[in-house]
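This report refers to the structure that appears directly beneath it.
The values are calculated or read from the model by the stated rules, or taken from the named source; none is laboratory data. Keep in mind it's a predicted model, so treat the numbers as computed, not measured. Positions of Cβ are backbone-derived with ideal geometry, glycine not excepted, and every protein chain shown enters the neighbour counts. These area figures cover heavy atoms from the full protein model, side chains too; ligands, DNA and RNA do not enter into them. Shrake-Rupley method; radii C 1.70, N 1.55, O 1.52, S 1.80 Å.
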Amino acid sequence: MQAKPITIVGAGLVGSLLATLLAQRGFRIDLFEKRPDPRKAGFIGGRSINLALSERGIRALRMADLDRAVLNQAVMMRGRMVHDRDGGTNMQRYGIDDSEVNQSVSRGGLNMLLLDAAAKAGVTMHFEQTLTAADFDHHALTFADADGTQHTAEAGVVIGADGAGSALRAAMNRHAPLGERVEPLDHGYKELEIPPLAQLPDHALTPELRARRDAGERFAIAPDALHIWPRGNCMCIALPNAEGSFTVTLFLPRDGKHPSFASVPDAAAARPYFEDDYADALACMPAFDADYDAHPVGSLATLYLDRWHLDGQALLVGDAAHAIVPFHGQGMNAGFEDVAILAPLLAESSDLAEAFEHFQQQRKPDADAIAAMALENYVEMRDSVVDPDYLRKRQLGARLAERAPRHFMPRYRMVTFTHLPYAYCLERGRAQDMLLTQLLHGHAQADSVDIDAAVTTLKATLPPLPA
């Protein structure tokens, strides 16, 4: 078909990548963003400053020939480094080897790289343009400039990639209800920082840290992992940044008994709590007091919609359609996978309404599935990673995956390192978990299970995984 002009609202990660892929396919793209151009004004942070990039996201970047440029800016994470209260650590690998790793990427650096790619592809970009109204009957959008001046732009087909607080979604919902439901999590988060090793004061350095610093190492803790301090109903995590720092995020209940953000409202209350539960992390955070008091408590929620589009007029993608909590590291990856599916679909379709409906039917079950798995993974990260039953299942699952790789793959690996639909991963993961429970019944240790008999039961119970 002859390419039509498309307006995209939101020039964040998903919007800028979608704009690039569509422009590369011959569409004329206008991209509107409420914030200033970060390549000129500097990046204004969103929910977090670094993100976990996995195969689903890399695939979409590969389609735009951007994967190598992004990976050159990333830090490889081989697995979860679990920290106990006494300072001991345990590395739990994500995959079977270094072909199955996550990548920690800077949100700001990635966004600027994607905007450069969009500009190179011929996308017309409009910054400091806040969407204030949409008239879908007359194909017009109203934007406000930085000074509040309003103007109207013609927009035949609109795609909203403007995040969880989407202004386009609100306008669509006013025009025709989308069946919106938001389920807030009763936990919040606060971001802190472990600076590069060279920036730690001498009095904070153990002999080991001093030796590493003198040897020229950049990172205060192991750089090849996502660090987790699981503490039951709460946790800290830390993701590495390329310059040697770590973004540390504390997750606590917002209210209730200690620990909660209500019981540790400021650094004076938080410091003794960290000394008890996260002492090894606290030792590497010289600006802890200032950061704790300066950084707000963020909110977390899951967004569900019954409809993602208005016939062939408007469509929502990414967080604007299906925002999830961040505990599976799949929010950006799910948004990028939206893009990888949508761009070819639009290029090949002669009926946008039909294409939008096809996209929704294909992706909504997967969006609901990753939302459920993200919530489940929060419990796993903050609690199960040190639970004996979880560890027994993990050990037996690894043995089955080695012996019968066509029939068993841990759910985390399916989600993170394959392109199997999220809905399939959820269903297959639950079936595998039931089988592991059955196989471990009566066994105190995973290695006491007869692995030959277990493989026979596995193959008789579950069909082979899709190729």
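In segment 369-380, the condition of being outside any helix (DSSP H, G or I) and of a type in the set (Ser, Thr, Tyr) is met by no residue. Being farther than 27 Å from LEU300 by Cβ, of a type in the set (Phe, Trp, Tyr) and touching a residue at least 12 places away in the same chain (Cβ under 8 Å) holds for only one residue in PHE246, PHE219, PHE261, PHE251, and it is PHE219.
So which residues in segment 137-166 are over 18 Å from ALA321 (Cα atoms) and assigned to a loop (DSSP other than H, G, I, E, B)?
Restricting attention to segment 137-166, the residues satisfying the condition of being over 18 Å from ALA321 (Cα atoms) are 137-156.
Once the filter is applied, which keeps residues that are over 18 Å from ALA321 (Cα atoms) and assigned to a loop (DSSP other than H, G, I, E, B), segment 137-166 yields ASP137, HIS138, HIS139, ASP145, ALA146, ASP147, GLY148, THR149, ALA155, GLY156.
Looking at segment 370-414 only, could you name the residues that are among the small types (Gly, Ala, Ser) and crowded, with 20+ Cβ neighbours inside 10 Å? Passing the criteria: ALA371, ALA374, GLY397. Contact map, segment 198-216: first residue free of Cβ contacts under 8 Å to residues at least 12 places away in the same chain, second residue open to solvent by less than 80 Å² (accessible area, probe 1.4 Å), Cβ cut-off under 7 Å, separation 6 or more or different chains; pairs are LEU205/ARG213.
Residues in segment 286-306 that are touching a helix residue (DSSP H, G or I) at 6+ places or on another chain (Cβ under 7 Å) and in a loop (DSSP other than H, G, I, E, B) were compared, and the one that is most open to solvent (accessible area, probe 1.4 Å) is PRO286. The single condition among (1) at pLDDT 95 or above; (2) within 23 Å of ALA301 (Cβ to Cβ) that ALA74 does not meet is (2). Restricting ALA423, ALA353, ALA343 to those that are more than 20 Å from the chain's Cα centre (by Cα), more than 24 Å from ILE237 (Cα to Cα), among the aliphatic types (A, V, I, L, M) and surrounded by fewer than 20 Cβ atoms within 10 Å (Cβ to Cβ) reduces the list to ALA353. Which residue is modelled with the lowest pLDDT, if the candidates are limited to segment 274-285 and must be open to solvent by 10 Å² or more (accessible area, probe 1.4 Å) and out of contact with any Gly (no Cβ under 8 Å at 6 or more places or on another chain)? The extreme case among them is ALA283.
Sub-9 Å Cβ pairs linking a first residue in segment 445-467 that is within 18 Å of MET434 (Cβ to Cβ) and without any contact (Cβ under 8 Å) to a residue 12 or more places away in the chain to a second residue that is in a helix (DSSP H, G or I) and open to solvent by less than 70 Å² (accessible area, probe 1.4 Å), at least 6 apart or interchain, are ALA453/LEU439, ordered by first then second residue. Only residues that are assigned to a loop (DSSP other than H, G, I, E, B), modelled with pLDDT of 95 or more and within 24 Å of ALA283 (Cα to Cα) were counted in segment 252-261, giving 3. Under the condition of being among the acidic types (Asp, Glu) and either touching a Ser or Thr at 6+ places or on another chain (Cβ under 6 Å) or assigned to a strand (DSSP E or B) (or both), the residues counted in segment 87-136 number 1.
Listed by first and then second residue, the pairs linking a residue in segment 156-172 that is over 11 Å from PHE136 (Cβ atoms) and open to solvent by less than 10 Å² (accessible area, probe 1.4 Å) to a residue that is of a type in the set (A, V, I, L, M) and assigned to a loop (DSSP other than H, G, I, E, B), with Cβ atoms under 8 Å apart and 6 or more places separating them unless they lie on different chains, are ILE159/VAL317; GLY160/VAL317. Quick check on segment 184-217: of everything there that is of a type in the set (Gly, Ala, Ser) and open to solvent by 30 Å² or more (accessible area, probe 1.4 Å), which residue is nearest to MET235 (Cα to Cα)? Among those residues, the one meeting the criterion is ALA198. Output the residue which, of all residues in segment 432-451 that are loosely packed, with under 13 Cβ neighbours inside 10 Å and of a type in the set (A, V, I, L, M, F, W, C), is nearest to ILE96 (Cα to Cα). Going through the qualifying residues, I end up with MET434.
Here is a yes/no grid of residues against (1) closer than 20 Å to ILE159 by Cβ; (2) among the β-branched types (Val, Ile, Thr); (3) touching a helix residue (DSSP H, G or I) at 6+ places or on another chain (Cβ under 6 Å):
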residue: VAL339; (1), (2), (3): yes, yes, yes
residue: ASP368; (1), (2), (3): no, no, no
residue: ARG399; (1), (2), (3): no, no, yes
residue: THR418; (1), (2), (3): no, yes, no
residue: ALA444; (1), (2), (3): no, no, no
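LEU316: crowded, with 22+ Cβ neighbours inside 10 Å, among the aliphatic types (A, V, I, L, M) and in contact with a helix residue (DSSP H, G or I) (Cβ under 7 Å, 6 or more places away or on another chain), yes or no? When the stated conditions are applied, LEU316 passes them.
Of the residues PHE261, PHE251, the single one that is more than 15 Å from PHE327 (Cα to Cα) and surrounded by 19 or more Cβ atoms within 10 Å (Cβ to Cβ) is PHE261.
Only residues that are crowded, with 18+ Cβ neighbours inside 10 Å and under 20 Å from SER384 (Cα atoms) were counted across segment 218-238, and they come to 12. Close contacts from segment 115-137, counting a first residue that is farther than 18 Å from GLY42 by Cβ and a second that is polar (S, T, N, Q) and part of a loop (DSSP other than H, G, I, E, B), with Cβ to Cβ under 8 Å and a gap of 6+ residues or different chains, come to PHE136/GLN313.
Please go through segment 167-195 and give me each residue that is over 17 Å from LEU282 (Cβ atoms) and part of a loop (DSSP other than H, G, I, E, B), ordered by number. The answer is ALA176, PRO177, LEU178, GLY179, GLU180, LEU185, ASP186. Answer yes or no as to whether ALA60 is part of a helix (DSSP H, G or I), open to solvent by less than 50 Å² (accessible area, probe 1.4 Å) and in contact with a strand residue (DSSP E or B) (Cβ under 8 Å, 6 or more places away or on another chain). When the stated conditions are applied, ALA60 does not pass them.
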